[in-house]
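Q: Let me give you the structure first, and then I'll get to my questions.
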Amino acid sequence: MTERFSIAVFEGDGIGPEITGPTVDILTALAEKNGYGLDFQACPAGAAHYARTGEALPDRALQRARDADAILLSAMGLPSVRYPDGTEISPQIDLRKALTLFAGVRPVRLFPGLKTPLNLPPDRQVDFVLIRESTEGLFYTQGRGEVTEDEARETLLITRKISEQLFEFAFALARTRKATGRGRGQVTCVDKANVFRAFAFFRALFDAEAAKHPDLVADHAYVDATALWFVLKPWDFDVLVTENMFGDILSDLGAGLMGGLGVAPSADIGLDHAVFQPCHGSAPDIAGQGVANPMAMILSAAMMLDWLGLRHKRARLVEDGRLLRQAVEEVIGTGTHLTRDMGGRATTQTAARAVRDLVLSR
């Protein structure tokens, strides 16, 4: 009997449906070719859904996400649709909190064909992972901050429980990367412990976890210095772990090093659930034109296959994740099917089809 996995799909707003459709098609074809099944369950949510119904993340969509083996989520939110307090609709953040997806995984890797603003020395490679705590930090009071006529307050929260889970995850990832030749086995805690007691607490918890892993390297960096080093010497990093807001900012900087958000995938992972989504927004200014870059969405799907394969001990899914990631890199490397944001003229469908044809030929 064919083994099947249920995938909750949030197609998103703006360009979201345009990049979700081709990605689901690729995943379906891969599964059919290699002897497993992926059952996709549509989950209504997002800014457009809120504008129609008054609900950003309906209970039934959240329940489907809870019941699924994995969650594939596209770009969410529209600048023109907001809550009464002026904040944007962001079901992706609600999902992170509801499912306790504490580890926001943001890979940063340069590969041939990507245009980067870096003046990269020929003997250097950039391949690191930023792990952003995704459920608390400065996002803790999202939508519940205190605002008066004269002042506004938000609360930053860092808890022992979530931080310990986060750091355990970070060191495990560093060990895996070292074992596969992708990293040096180094974890860097990014904080502002010289100014804020909360970050001194964060760093102390990191050091306690680091002591359990004498075979790995642990160090620290202040967030402002890290931003500088991302530009000057990003090849020095392996795995970095940081607070929610710091990670939000640094992950976009990392995407800039890669050549843009159009090629930046991500995952938000907890103990029992995981969401996979592109780092970029819904880009309503180009929605419906067929020019959106599908690569970040496809790379996020590759991360999903890898996570599912490791979680369920299915080597075929891990291998398909690797092949899909490799196909994206090769398509970009050839330079013949690049979308407008990468300097080409390919449509969303054409770029995705090139990836599909290549990965299915393997």
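The values are calculated or read from the model by the stated rules, or taken from the named source; none is laboratory data. Not measured: the values here are computed from a predicted model. Positions of Cβ are generated from backbone atoms using ideal geometry, with glycine treated the same way; all protein chains shown enter the neighbour counts.
Q: Take the residues in the range 90-127 that are among the aliphatic types (A, V, I, L, M) and not in a loop (DSSP other than H, G, I, E, B); name whichever of them is nearest to Thr141 (Cα to Cα). Before you say what the answer is, go through the steps one by one.
A: Just the residues of the range 90-127 that are among the aliphatic types (A, V, I, L, M), to begin with: 93, 95, 98-99, 101, 103, 105, 108, 110, 114, 118, 120, 126.
Checking which are not in a loop (DSSP other than H, G, I, E, B) leaves us with 93, 95, 98, 103, 105, 108.
Working: Ile93: 12, Leu95: 15, Ala98: 14, Ala103: 18, Val105: 22, Val108: 29 Å.
Taking the candidates together, the pick is Ile93.
Q: Next question, about the same structure. Has the range 40-47 got at least one residue that is crowded, with 21+ Cβ neighbours inside 10 Å, closer than 20 Å to Val275 by Cβ and out of contact with any strand residue (DSSP E or B) (no Cβ under 6 Å at 6 or more places or on another chain)?
A: Going residue by residue through the range 40-47, those that are crowded, with 21+ Cβ neighbours inside 10 Å are 43, 45-47.
When the remaining residues are screened for being closer than 20 Å to Val275 by Cβ, the result is 43, 45-47.
Pick out the ones that are also out of contact with any strand residue (DSSP E or B) (no Cβ under 6 Å at 6 or more places or on another chain) and you get 46-47.
Checked the range 40-47: at least one residue is crowded, with 21+ Cβ neighbours inside 10 Å, closer than 20 Å to Val275 by Cβ and out of contact with any strand residue (DSSP E or B) (no Cβ under 6 Å at 6 or more places or on another chain).
Q: For Glu164, are the conditions met, namely being over 17 Å from the mean Cα position of the chain (by Cα) and either assigned to a strand (DSSP E or B) or free of Cβ contacts under 8 Å to residues at least 12 places away in the same chain (or both)? Write out each step before concluding.
A: Details: over 17 Å from the mean Cα position of the chain (by Cα): yes; either assigned to a strand (DSSP E or B) or free of Cβ contacts under 8 Å to residues at least 12 places away in the same chain (or both): no.
No; evaluated as a whole, the condition is false for this residue.
Q: If you don't mind, another one. From Thr348, Thr334, which residue is surrounded by 15 or more Cβ atoms within 10 Å (Cβ to Cβ), polar (S, T, N, Q) and assigned by TED's automatic domain parsing to the domain that holds Ile269?
A: Working: Thr334 fails: surrounded by 15 or more Cβ atoms within 10 Å (Cβ to Cβ).
Within the list Thr348, Thr334, the selection yields Thr348.
Q: Among the residues of the range 175-226, which ones are part of a helix (DSSP H, G or I), more than 22 Å from Asp252 (Cβ to Cβ) and of a type in the set (Ser, Thr, Tyr)?
A: Correct list: Thr176 only.
Q: I would also like to ask the following. Please go through (1) under 19 Å from Lys192 (Cβ atoms); (2) within 22 Å of the chain's Cα centre (by Cα); (3) not hydroxyl-bearing (Ser, Thr, Tyr) for Arg153 and return the number of the only condition it doesn't satisfy.
A: All conditions pass for Arg153, except number (2).
Q: Which condition breaks for Thr2 when tested against (1) modelled with pLDDT under 95; (2) within 19 Å of the chain's Cα centre (by Cα)?
A: Failing condition for Thr2: (2).
Q: Sort out which residues of the range 140-178 are surrounded by fewer than 17 Cβ atoms within 10 Å (Cβ to Cβ), hydrophobic (A, V, I, L, M, F, W, C) and within 19 Å of Asp306 (Cα to Cα), and write them in order of number.
A: Residue satisfying the conditions is Ala172 alone.
Q: Scanning for something in contact (Cβ under 8 Å) with a residue 40 or more places away in the chain, outside any strand (DSSP E or B) and assigned by TED's automatic domain parsing to the domain that holds Arg182, does the range 143-153 turn up at least one residue?
A: yes
Q: Could you check, for the range 302-323, whether at least one of its residues is in contact (Cβ under 8 Å) with a residue 12 or more places away in the chain, in contact with a strand residue (DSSP E or B) (Cβ under 8 Å, 6 or more places away or on another chain), of a type in the set (Gly, Ala, Ser) and in the same structural domain as Glu32 (by TED's automatic domain parsing)?
A: yes
Q: So for the range 268-276 (the condition being in a loop (DSSP other than H, G, I, E, B) and closer than 30 Å to Pro122 by Cα), does at least one residue qualify? Write out each step before concluding.
A: Our first condition is that a residue be in a loop (DSSP other than H, G, I, E, B); within the range 268-276, this holds for 270-273.
Adding the requirement that they be closer than 30 Å to Pro122 by Cα leaves none.
No.
For (1) of a type outside the set (Lys, Arg); (2) surrounded by 24 or more Cβ atoms within 10 Å (Cβ to Cβ); (3) under 13 Å from the mean Cα position of the chain (by Cα), each residue gets a yes or a no:
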residue	(1), (2), (3)
Ala221	yes, no, no
Asp248	yes, no, yes
Leu257	yes, no, no
Leu261	yes, no, yes
Gln277	yes, yes, yes
Met304	yes, yes, yes
Arg311	no, no, no
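Q: Where in the range 291-362 are there helices (runs of 4 or more DSSP H), lying wholly inside it, with at least 2 residues that are among the hydroxyl-bearing types (Ser, Thr, Tyr)? Steps first, please.
A: Details: elements: 295-312, 315-334, 348-360.
Once the helices (runs of 4 or more DSSP H) in the range 291-362 are filtered for at least 2 residues that are among the hydroxyl-bearing types (Ser, Thr, Tyr), what remains is 348-360.
Q: Can I ask one more? Given the conditions (1) more than 20 Å from Asp285 (Cβ to Cβ); (2) in contact with a helix residue (DSSP H, G or I) (Cβ under 6 Å, 6 or more places away or on another chain), and given that Ser74 satisfies all but one, which numbered condition is not satisfied?
A: Result: Ser74 passes all but (1).
Q: Can you name the residue in the range 80-112 that is more than 28 Å from Phe237 (Cα to Cα) and hydroxyl-bearing (Ser, Thr, Tyr) and is also surrounded by the most Cβ atoms within 10 Å (Cβ to Cβ) among such residues?
A: Step by step, filter the range 80-112, then rank; the result is Ser90.
Q: Would you mind stating whether Phe139 is in contact with a helix residue (DSSP H, G or I) (Cβ under 6 Å, 6 or more places away or on another chain) and either of a type in the set (S, T, N, Q) or modelled with pLDDT of 95 or more (or both)? Working first, answer last.
A: On the way: in contact with a helix residue (DSSP H, G or I) (Cβ under 6 Å, 6 or more places away or on another chain): yes; either of a type in the set (S, T, N, Q) or modelled with pLDDT of 95 or more (or both): no.
So Phe139 fails the test.
Q: Pull up the range 313-328, narrow it to residues that are surrounded by fewer than 19 Cβ atoms within 10 Å (Cβ to Cβ) and of a type in the set (D, E, K, R), then point me to the one that is nearest to the chain's Cα centre (by Cα).
A: Across the range 313-328, the extreme among qualifying residues is Arg322.
Q: Which one of Ala75, Ala51 is outside the structural domain of Phe202 (by TED's automatic domain parsing), of a type in the set (A, V, I, L, M) and touching a Gly at 6+ places or on another chain (Cβ under 7 Å)? Don't jump to the end; show me each part of the working.
A: Numbers: Ala51 fails: touching a Gly at 6+ places or on another chain (Cβ under 7 Å).
The conditions single out Ala75.
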